[in-house]
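Trainee: Quick one: the structure is below, and I'll ask about it shortly.
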Amino acid sequence: MVVRKILLNGNPLLRKVSKPIKIMTPDIRKLVEDMIETMYENQGAGLAAVQIGELKRLIVIDVSEKKDQPFVLINPKIVEKSKEEIGKEACLSVPGLEGKVSRFQQIIVKAKNIHFKDVEVEAEGYFAVALQHEVDHLEGVLYIDRVETGTLKPSRDDEE
Ligand SMILES: [Zn+2]
């Protein structure tokens, strides 16, 4: 597993639409491992493949407290959403900032898992928000595009 460099806002790759993964390969398994390692190393709650320069529809998320429950989704698609609320958000590709974004608190996502089997995931709260944030990355969208006017500000670690 290798900790990879995270692309930062301003890099044009972050604005591209990622491509679906058609088959599972050893390279993709390795990419998943690198993404998980990179997410943990940077204390992130999630990471999209494009953030380390791979334009593939692949995300990893871990919203557990102990950071020991990595969740891998391939070609994720949000099929149902409800209960929109505004909450604080940040992004490893936009370091030092945070802002408030309106997101759905209950969603259902269809995707493939690491074994390339179809899965349907019901997500709530922070997990649902993180999923929407990562799925946005696959479309070349950053949370700062959606931020509520006037709420983008320097992040303060001591608030966490
Ligand atoms: Zn992000």
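Trainee: Within region 44-59, can you find the residues that are open to solvent by less than 10 Å² (accessible area, probe 1.4 Å), more than 9 Å from the ligand (Cβ to nearest atom) and either in a strand (DSSP E or B) or hydroxyl-bearing (S, T, Y) (or both)?
Mentor: L58, I59
Trainee: For the structure I just gave you, tell me whether E134 is within 16 Å of the ligand (Cβ to nearest atom), under 17 Å from I21 (Cα atoms) and in contact with a Pro (Cβ under 9 Å, 6 or more places away or on another chain).
Mentor: yes
Trainee: Looking only at region 16-42, how many residues end up being open to solvent by 40 Å² or more (accessible area, probe 1.4 Å) and within 13 Å of the ligand (Cβ to nearest atom)?
Mentor: Summing the residues that are open to solvent by 40 Å² or more (accessible area, probe 1.4 Å) and within 13 Å of the ligand (Cβ to nearest atom) in region 16-42 gives 1.
Trainee: Here's something else I'd like to know. Kindly evaluate K67 against the criterion of being basic (K, R), more than 13 Å from the ligand (Cβ to nearest atom) and within 16 Å of the chain's Cα centre (by Cα).
Mentor: Yes.
Trainee: Continuing with the same structure: Restricting the search to region 121-130, which residues are surrounded by fewer than 21 Cβ atoms within 10 Å (Cβ to Cβ) and without any contact (Cβ under 8 Å) to a residue 40 or more places away in the chain?
Mentor: Answer for region 121-130, where residues must be surrounded by fewer than 21 Cβ atoms within 10 Å (Cβ to Cβ) and without any contact (Cβ under 8 Å) to a residue 40 or more places away in the chain: E122, E124, G125.
Trainee: Based on what the data block shows, is A128 at pLDDT 95 or above, among the aliphatic types (A, V, I, L, M) and more than 16 Å from the ligand (Cβ to nearest atom)?
Mentor: The answer is no for A128.
Trainee: Return the residues of region 58-105 that are among the small types (G, A, S) and within 12 Å of V129 (Cα to Cα); say none if nothing qualifies.
Mentor: Answer for region 58-105, where residues must be among the small types (G, A, S) and within 12 Å of V129 (Cα to Cα): S82, G87, A90, S102.
Trainee: Check region 89-100 and report whether any residue there is of a type in the set (S, T, N, Q), in a loop (DSSP other than H, G, I, E, B) and surrounded by 15 or more Cβ atoms within 10 Å (Cβ to Cβ). Spell out how you get there, then give the answer.
Mentor: Our first condition is that a residue be of a type in the set (S, T, N, Q); within region 89-100, this holds for 93.
From what's left, in a loop (DSSP other than H, G, I, E, B): 93.
Checking the rest, the ones that are also surrounded by 15 or more Cβ atoms within 10 Å (Cβ to Cβ) come to 93.
Yes, region 89-100 contains at least one residue that is of a type in the set (S, T, N, Q), in a loop (DSSP other than H, G, I, E, B) and surrounded by 15 or more Cβ atoms within 10 Å (Cβ to Cβ).
A quick yes/no check of all residues on (1) in contact with an Asp or Glu (Cβ under 8 Å, 6 or more places away or on another chain); (2) exposed (fewer than 15 other Cβ atoms within 10 Å of the Cβ); (3) assigned to a strand (DSSP E or B):
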| position | (1), (2), (3) |
| --- | --- |
| P76 | yes, no, yes |
| E84 | no, yes, yes |
| G87 | no, yes, yes |
| S102 | yes, yes, yes |
| K110 | yes, no, yes |
| Q132 | no, no, no |
| V135 | no, no, no |
| V141 | no, no, no |
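Trainee: Considering only region 1-15, state which residues are surrounded by fewer than 13 Cβ atoms within 10 Å (Cβ to Cβ) and under 13 Å from N42 (Cβ atoms).
Mentor: Across region 1-15, the qualifying residue is only K5.
Trainee: In addition: In region 74-113, what residues are of a type in the set (V, I, T), within 26 Å of Y40 (Cβ to Cβ) and more than 14 Å from the ligand (Cβ to nearest atom)?
Mentor: Of everything in region 74-113, those that are of a type in the set (V, I, T), within 26 Å of Y40 (Cβ to Cβ) and more than 14 Å from the ligand (Cβ to nearest atom) turn out to be I74, I78, I107, V109.
The values are calculated or read from the model by the stated rules, or taken from the named source; none is laboratory data. This is a predicted model, so every value here is computed, not measured. As a convention, Cβ positions derive from the backbone with ideal geometry for all residues, glycine included, and neighbour counts pool all protein chains shown. All accessible areas refer to the heavy atoms of the entire protein, side chains included, with ligands and DNA or RNA removed. Shrake-Rupley method; radii C 1.70, N 1.55, O 1.52, S 1.80 Å.
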